[in-house]
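Inspection log for the structure reproduced underneath, given as structure tokens.
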Number of protein chains: 2
Amino acid sequence: MSGMSKANRARVALDRDEIARAALAMLDEEGIDALSMRRLAERLGVGTMTLYGYFRGKQELLDAAVGAAAADFTFTPPEEGGLRERLRAHQRAVREVLARHPSLPQLRARQALVQPAAFRMSDPAMQMLLDAGFPPDEAARAFRVLFVYVLGSMLFGPRELTADEQRSIKAGLLLLPEDEFPAITAAADALPASMGGDVQFDYGLEVILDGIEARRRQLAGE
Amino acid sequence: MSGMSKANRARVALDRDEIARAALAMLDEEGIDALSMRRLAERLGVGTMTLYGYFRGKQELLDAAVGAAAADFTFTPPEEGGLRERLRAHQRAVREVLARHPSLPQLRARQALVQPAAFRMSDPAMQMLLDAGFPPDEAARAFRVLFVYVLGSMLFGPRELTADEQRSIKAGLLLLPEDEFPAITAAADALPASMGGDVQFDYGLEVILDGIEARRRQLAGE
DNA sequence: CCCTTGCTCGTACGCTGTACGGTGCAGCGT
DNA sequence: ACGCTGCACCGTACAGCGTACGAGCAAGGG
């Protein structure tokens with residue numbers, strides 16, 4: 001048994017979890033493109049190839065970083081309130097985690113692979129749907145709609161646009177030929193505000209919750 | 001005036017559009033990671049750096065590829081049918097384009113920048129919402145929900161999973177500790193089928209269209 | 001005391017995007 | 001007919017990437 005033999009270079013310990021957390025921190029601070037094996041090793045005060053003693057490759061390391069983020073997720077569903085209120089609370093909590101770790105949706109988008117820990121965030125929503133009387137297949141489909149929407153929202157419009165950004169986007173839209181883009185140019189005033197942020201997220205969340213409610217009523221026999 | 005002076009190496013012509021289309025073809029055939037400036041140049045029978053005479057860099061070239069894909073999009077809204085039927089037809093057409101060019105959602109996910117041509121695909125949906133009586137800000141918000149969902153669906157579950165894939169995912173889910181993931185394990189049979197494909201896409205589309213319909217009725221005064 | 005075991009990591013390979021500057025042809029002015 | 005100018009093309013080079021290979025070395029067991 002080797003024990004703590006790895007502390008031979010005055011490094012405190014270093015294990016998979018510490019590396020994964022460092023990777024996650026780097027992702028949060030500098031973004032997905034700035035994370036390289038070399039730079040991560042340097043941050044940990046370790047040779048680059050040392051990381052390959054803990055992970056088969058960068059992919060596996062990124063997976064572990066996702067896991068580390070998911071492990072931090074805790075959510076206790078509100079006692080009162082029906083399905084709608086509970087789902088809303090949960091999806092907002094998920095969105096908050098994704099906002100703290102903006103690279104998570106991008107990682108999901110690049111690699112199909114998902115590891116188990118990531119499901120920790122999903123379980124409460126599935127539970128709520130099952131509790132509300134959705135049969136498993138219907139619950140799974142409804143959950144997936146929420147899942148796609150929440151991740152997509154962070155990917156395609158994570159934050160509120162500043163007034164300047166909105167102005168500049170609007171200016172771009174107004175350059176489009178009006179005969180080819182009649183609706184876009186007609187709504188050029190309103191479009192930029194819909195391209196991100198919490199208000200837009202909540203709007204879409206309510207739209208989807210409406211649809212899910214309609215299905216619940218249908219299942220309950222009107 | 002230089003005219004067709006660029007044909008000095010027996011190359012037929014080569015302009016921005018031809019390069020963009022070659023890039024798009026390469027994206028479609030080999031995926032986003034396989035597209036490099038070197039490999040694209042080789043495919044075109046041209047030196048790598050020649051591409052930089054037409055584009056400032058890889059980013060601009062990718063943007064042009066997105067534009068080339070959007071330029072191919074044609075959609076004529078069905079005559080009959082209400083808002084719901086028309087929106088459904090449009091979103092399915094968009095999904096088809098994305099299925100032909102699976103890299104498009106990934107490109108959108110990586111680069112915030114969007115160029116005008118991409119709006120060609122969006123205009124019809126906006127038009128339908130405006131025609132249905134949605135005020136511009138409401139129309140923009142509703143459109144954006146559809147937009148995020150359609151792109152997200154292609155990113156996070158583009159195609160139907162094979163029976164084998166479903167079995168293997170289910171097996172993975174059943175390995176999760178039952179006390180920590182009660183709902184996931186309970187629905188392990190049903191979850192894999194919800195993780196992609198047209199059936200799941202249509203399910204979510206109807207959920208969202210339900211929500212949008214509810215808003216339309218509300219705007220119309222019940 | 002030596003030998004085995006296993007972590008660490010220097011070096012190297014093939015790839016990437018792209019900056020720089022040389023090369024050679026087309027068209028023009030004389 | 002000749003030389004000049006401008007421009008398209010692209011060879012070379014650099015910094016950085018993921019990672020395969022194997023050398024170095026400390027610790028533990030005999």
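Since every read-out is calculated from the coordinates, none of them should be taken as a lab result. For clarity, every value in this text was computed on a predicted model and none was experimentally measured. A quick note on method: Cβ atoms are made from the backbone with ideal geometry, for glycine too, and the neighbour counts reach across all protein chains shown.
Using a Gaussian network model of chain A whose springs link C-alpha atoms within less than 10 Å, name the residue from A:Asp28, A:Asp179, A:Asp15 with the highest mean-square fluctuation.
A:Asp179
So which aspartates and glutamates can A:Lys58 reach, going by Cα to Cα under 13 Å and dropping same-chain residues fewer than 8 places off?
A:Asp33
Partner chain Cβ atoms within 10 Å, averaged over the residues of B:186-198 - can you pull that number for me?
Going residue by residue through B:186-198 and averaging, the value is 5.
For A:Arg100, place a label point 7 Å out from Cα along the Cα→Cβ vector, do the same in each other copy, and report the separations in nm, one decimal, smallest first.
For A:Arg100, the inter-copy label distances come out at 4.4 nm.
Run through the other copies and list how far each one's label point is from that of B:Ser168, in nm with one decimal, shortest first; the point sits 7 Å from Cα along Cα-Cβ.
4.4
Just going by the charge dipole of segment B:22-143, with Lys and Arg at +1 and Asp and Glu at -1 on Cβ, which of B:Thr76, B:Gly133, B:Gly47 is farthest out on the positive end?
The one lying farthest along the dipole's positive direction is B:Gly47.
Given R₀ = 22 Å, FRET efficiency for A:Glu30-A:Glu165 by Cβ-Cβ distance, to 0.05? The partial results should precede the final answer.
On the way: r = 22 Å, r/R0 = 0.98.
Once the sixth-power term is evaluated, E becomes 0.55.
For chain B, with only Lys/Arg (+1) and Asp/Glu (-1) charged at the beta-carbon, what is the dipole magnitude about the Cα centre, in debye rounded to 20?
1120 debye
Report the calculated FRET efficiency for B:Leu174 and A:Asp179 (r = Cβ-Cβ distance, R0 = 56 Å), to the nearest 0.05.
Calculated value: 0.50.
Summing Lys, Arg as +1 and Asp, Glu as -1, what charge do residues with Cβ under 9 Å from the Cβ of A:Leu205 carry, A:Leu205 excluded?
+1
Contour minus end-to-end for B:Glu96 and B:Glu42, with contour as 0.36 nm per residue of separation and end-to-end as the Cα-Cα distance?
16.5 nm
Which one, A:Leu175, B:Ala220, A:Pro124, is farthest towards the positive end of the dipole of the protein assembly as shown when Lys and Arg carry +1 and Asp and Glu -1 on their Cβ?
A:Leu175
Mind listing the long-range amide H neighbours of B:Gln115? Cut-off is under 5 Å, sequence gap 5 or more, other chains count too, H placed in the peptide plane at 1.01 Å from N.
none
Helix-only estimate, please: 222 nm mean residue ellipticity of chain A, summing -39500 (n - 2.57) across DSSP H runs of length 4 or more and dividing by its residues, to the nearest 500. Write out the running numbers ahead of the final one.
Working: 10 runs with 132 residues, N = 222.
Rounded to the nearest 500, it is -19000 deg cm²/dmol.
Between A and B, which A residue has the Cβ nearest their rotation axis, distance in Å?
Smallest Cβ distance to the axis, with its residue: A:Gly152, 1.
Could you identify which residue out of B:Ala23, B:Ala68, B:Ala183 has the top mean-square fluctuation in a GNM of chain B using Cα springs shorter than 10 Å?
B:Ala183
Hey, if you put +1 on the Cβ of every Lys and Arg and -1 on every Asp and Glu Cβ in segment A:13-111, which of A:Gly67, A:Gln106, A:Met26 ends up farthest toward the positive end of that dipole?
Checking the options against the dipole of segment A:13-111, the answer is A:Gln106.
Put the label 7 Å from Cα along Cα→Cβ for B:Gly221; what are its distances to the other copies, in nanometres, shortest first?
So the distances to the same position in the other copies read 3.8 nm.
What helices in chain A pass both tests, a Cα length along the helix axis of 30 Å or more and a mean Kyte hydropathy of -0.5 or higher, using whole DSSP H runs?
A:198-219
Any idea what log10 I(q)/I(0) is at q = 0.09, 0.10, 0.15, 0.16 Å⁻¹ for chain B, Debye with uniform C-alpha scatterers and no solvent?
Scattering profile of chain B, log10 relative to I(0): -0.52, -0.62, -1.04, -1.10.
Looking only at A:Arg167, A:Arg84, A:Arg95, which one moves most when chain A is put into a Gaussian network model with springs between Cα atoms under 10 Å?
In this elastic network of chain A, the residue with the biggest mean-square fluctuation among A:Arg167, A:Arg84, A:Arg95 is A:Arg167.
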